[in-house]
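Enquirer: Questions regarding the structure given below will be posed in turn.
The values are calculated or read from the model by the stated rules, or taken from the named source; none is laboratory data. Computed from a predicted structure; not experimentally measured. Quick reminder, even Gly has a Cβ in these numbers, built from the backbone with ideal geometry, and neighbours come from all protein chains shown. Areas reflect the complete protein model, heavy atoms only, side chains present, ligands, DNA and RNA absent. Shrake-Rupley method; radii C 1.70, N 1.55, O 1.52, S 1.80 Å.
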Amino acid sequence: MTVEGTAARTSRRSAGKKSGTSGTKAAGTTGTKRATRTTAKKGSGTVTAADPDLVQLLTPEGQRVKNAEYDRYVAGITPEELRGLYRDMVLTRRFDAEATALQRQGELGLWASLLGQEAAQIGSGRALNDDDYVFPTYREHGVAWCRGVDPVNLLGMFRGVNNGGWDPNSNNFHLYTIVIGSQTLHATGYAMGVAKDGADSAVIAYFGDGASSQGDVAESFTFSAVYNAPVVFFCQNNQWAISEPTERQTRVPLYQRARGYGFPGVRVDGNDVLACLAVTKWALERARAGEGPTLVEAFTYRMGAHTTSDDPTRYRSEEERLAWEAKDPILRLRRHLEAGKHADEAFFAEVEAESEALGKRVREAVRAMPDPDHFAIFENVYADGHALVDEERAQFAAYQASFADAEGV
C-alpha cells in the first residue's frame with residue numbers, strides 16, 4: 001500500500017490553494033465566531049471572558065459556521081477534498097495508535113502521540129504548497145503524512161536504528177527535533193534565506209505551548225519580525241506542557257504574544273480541520289506576499305500522554321478529558337460529511353479498512369527493521385575524522401570483543 005499517490009496529494013493540497021485576498025488585516029478582528037465565555041479552570045482549556053474570538057468554521061456538531069474573514073480560503077473546497085481530509089485524519093490516527101501499541105510491546109523505545117491533534121496537523125499540512133518548508137517537533141506525524149513521508153520512516157529513530165529516517169529535502173520536511181523550541185530558530189534562519197533568495201515560498205515551524213516558554217522561541221519571534229521573514233509559527237496549544245497547564249506559562253492567550261513583536265497572531269479552533277486549513281492558508285499567503293511572520297495558536301487538546309513514559313492521570317481529570325473528547329476532530333468532520341450527504345457508509349468502511357491495512361503494514365515493517373551497525377555512530381561526528389573519536393571507537397571495539405571472548409569460553 002502506498003502512503004499517498006501523487007495525484008491524491010495534489011488534489012487534496014488544492015483544498016488549501018484557492019485564491020483570496022492578501023489577508024493584510026490582523027486575524028481575529030472581524031467575522032469570527034464568538035468563543036464560549038466561561039470561567040477558566042485549571043487545565044480545562046476553557047476560554048475566559050478576557051479572551052477574544054476563536055476562529056471556527058465547523059462546530060463540534062459538524063455544523064458549518066460562516067466567517068467573513070476566512071471563508072474565502074475554503075470557499076471552493078469540494079466534497080472529494082473534504083473526504084480527503086477525513087481520510088488523512090483517520091489514517092494518521094490509526095498509524096499513531098499502532099506506534100503507541102508497538103512501544104508498549106517493546107518494539108519502540110518511546111513514542112509521542114498526536115491523538116486529538118489531527119485537525120490542527122492535517123488542516124495546516126494541507127494548506128502548504130509543495131515548495132514550502134516544514135520544521136516539525138517530534139509529534140507532527142499528521143504533517144509528515146501530508147508531506148508524503150512514509151509513516152514507517154518516522155519510527156526508525158524511536159526504535160533506535162537511525163538518526164532520522166528520511167531525506168528532509170525530498171519532501172521539504174525537516175527531521176524531527178527533540179530539543180524543545182530549537183526548530184523555530186532553524187525555521188527563522190531558513191526563512192531569512194528564502195527571502196534573500198527571492199523565492200516564492202514560505203516556511204512553517206511547529207511547536208507546542210510548552211515550547212512557547214523557551215528562549216529560542218522568543219529569539220525566533222524577534223529575528224523573524226525584524227527581518228520580515230516569511231515564516232508561520234504554528235503553536236499547537238494542547239493545554240499541557242507535560243504536567244504543567246498553560247496558565248502556568250502565560251498570563252495572556254499565547255497568540256497575543258505576537259503583538260509585542262510587531263506581527264499578527266490568531267487563535268483557531270485546533271479541532272476544526274477547515275478552520276486550521278483556512279487560517280494557515282491565510283498566514284502562508286501573508287508570508288509569500290512579503291508581509292512577514294504570523295503566529296497561529298491552534299487551541300486543541302492532547303488526548304493521550306505527553307509520551308509513552310508519561311501518566312496523564314496523575315495531573316489531569318477524567319472529566320476534562322471527556323469534555324474534550326466531545327470535540328473530537330474526526331467525529332466533527334464525519335458529522336459534517338453525513339449532514340451534507342458528501343459521504344456514505346461505504347466510504348467510511350473503505351477508509352476504516354485502509355487504516356487497518358496501514359496499521360498492519362507499519363507493524364510488520366517495524367519488526368523487520370535491521371539492527372544498525374554498532375560502529376556507525378562514530379562515522380557521523382566529524383567529516384574528516386578525529387583522534388579522540390578514533391580512540392573511543394577502539395575502546396568500544398575492545399568492549400564489543402570482550403563479549404565475543406566470553407561466548408567462546
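Enquirer: Ranked from the most accessible area to the least, with a 1.4 Å probe and all protein chains present, what is the order of E320, E247, E107, E80?
Expert: I get E80, E247, E107, E320, largest accessible area first.
Enquirer: In addition: Keeping all protein chains in the complex and leaving out DNA, RNA and ligands, what accessible area do you get for L358 with a 1.4 Å probe, in Å² to the nearest 10?
Expert: 0 Å²
Enquirer: Using Cα centres only, tell me the gap between segment 346-409 and segment 99-143 in whole Å.
Expert: What the calculation gives is 21 Å, centre to centre.
Enquirer: Determine the shape class of segment 300-368: with a ≥ b ≥ c the square roots of the Cα gyration tensor eigenvalues, call it rounded for a/c under 1.5, and otherwise prolate if a/b is greater than b/c, oblate otherwise.
Expert: It is oblate, given that a/c is not under 1.5 and a/b is not larger than b/c.
Enquirer: Provide, in order from the shortest bin, the percent of all Cα-Cα pairs of segment 45-367 in each 20 Å bin, continuing until the bin that contains the maximum pair distance.
Expert: For segment 45-367, the binned pair fractions read 34, 61, 6 percent.
Enquirer: Set the Förster distance to 22 Å, then compute FRET efficiency between A326 and Q63 from the Cβ-Cβ distance, nearest 0.05.
Expert: With R0 = 22 Å, the Cβ-Cβ based efficiency is 0.95.
Enquirer: Which one, N169, N129, N228, has the greatest fluctuation when you compute a Gaussian network model over the chain with C-alpha springs under 10 angstrom?
Expert: So, out of N169, N129, N228, the one fluctuating most is N169.
Enquirer: Compute the signed sum of charges (Lys and Arg +1, Asp and Glu -1) over the other residues within less than 11 Å, Cβ to Cβ, of G123.
Expert: Summing Lys/Arg as +1 and Asp/Glu as -1 gives -2.
Enquirer: Give me the count of lysine pairs in segment 45-367 whose alpha carbons sit under 29 angstrom apart, restricted to pairs 8 or more positions apart or on different chains.
Expert: So the count works out to 8.
Enquirer: What percent antiparallel are the DSSP beta bridges of the chain, to the nearest 5? Kindly include the intermediate steps, with their values, before the conclusion.
Expert: Working: 3 of 25 bridges.
Percentage antiparallel, nearest 5: 10.
Enquirer: Next question, about the same structure. For segment 186-289, what number results from the quotient of the Cα radius of gyration and 2.2 N^0.38 Å?
Expert: 1.07
Enquirer: Considering only protein heavy atoms, with the full assembly of protein chains and a 1.4 angstrom probe, order H141, H186 by accessible area, largest first.
Expert: From most exposed to least exposed: H186, H141.
Enquirer: W240: accessible area at probe 1.4 Å, nearest 10 Å²?
Expert: Only protein atoms counted, so the area is about 10 Å².
Enquirer: Considering only protein heavy atoms and a probe of 1.4 Å, how much of the accessible area of the chain is carbon and sulfur, as a whole percent?
Expert: Summing carbon and sulfur atoms, their accessible area is 53 percent of the total for the chain.
Enquirer: Next up: Pick from Q256, Q121, Q395: which is most flexible by mean-square fluctuation in a GNM of the chain where alpha carbon atoms under 10 Å apart are linked?
Expert: Checking each option, the largest mean-square fluctuation is seen for Q395.
Enquirer: Please find the FRET efficiency linking I242 to E219, where r is the Cβ-Cβ separation and R0 is fixed at 22 Å, and quote it to the nearest 0.05.
Expert: Numbers: r = 23 Å, r/R0 = 1.03.
Working from the Cβ atoms, E equals 0.45.
Enquirer: With a 1.4 Å probe and all protein chains kept in place, how much accessible area does D311 have, in Å² rounded to the nearest 10?
Expert: Accessible area of D311: about 70 Å².
Enquirer: Right, something else. What is the distance, in nm, between label points placed 7 Å from the Cα along the Cα-to-Cβ direction at Y382 and at R367?
Expert: Between Y382 and R367, the simple spin-label model gives 4.4 nm.
Enquirer: Let me ask something else about it. At 1.4 Å probe size, put K327, K196 in order of accessible surface, largest to smallest.
Expert: Reading off the accessible areas and sorting them downward yields K196, K327.
Enquirer: Now, a different point. Dipole magnitude of the chain about its Cα centre, charges +1 at Lys/Arg Cβ and -1 at Asp/Glu Cβ only, in debye to the nearest 20?
Expert: 1920 debye
Enquirer: Rule-of-thumb check for segment 277-318: C-alpha Rg over 2.2 N^0.38 Å?
Expert: The value comes to 1.85.
Enquirer: Further question: Okay, helix-only estimate at 222 nm for the chain: each DSSP H run of n ≥ 4 adds -39500 (n - 2.57), divide by all residues, round to 500 deg cm²/dmol; what do you get?
Expert: Per the formula, -13000 deg cm²/dmol.
Enquirer: Would you please give the FRET efficiency between A397 and N162, computed as 1/(1 + (r/R0)^6) with r the Cβ-Cβ distance and R0 = 25 Å, to the nearest 0.05?
Expert: The calculated FRET efficiency here is 0.70.
Enquirer: Here is a further query. Rounded to whole Hz and in sequence order, give me ³J(HN,Hα) for segment 314-320 from the Karplus expression 6.51 cos²θ - 1.76 cosθ + 1.60, θ = phi - 60°, writing x for Gly and Pro.
Expert: 7, 9, 9, 8, 5, 4, 5
Enquirer: Averaged per residue, what accessible surface does segment 218-307 expose to a 1.4 Å probe, in Å²?
Expert: 29 Å²
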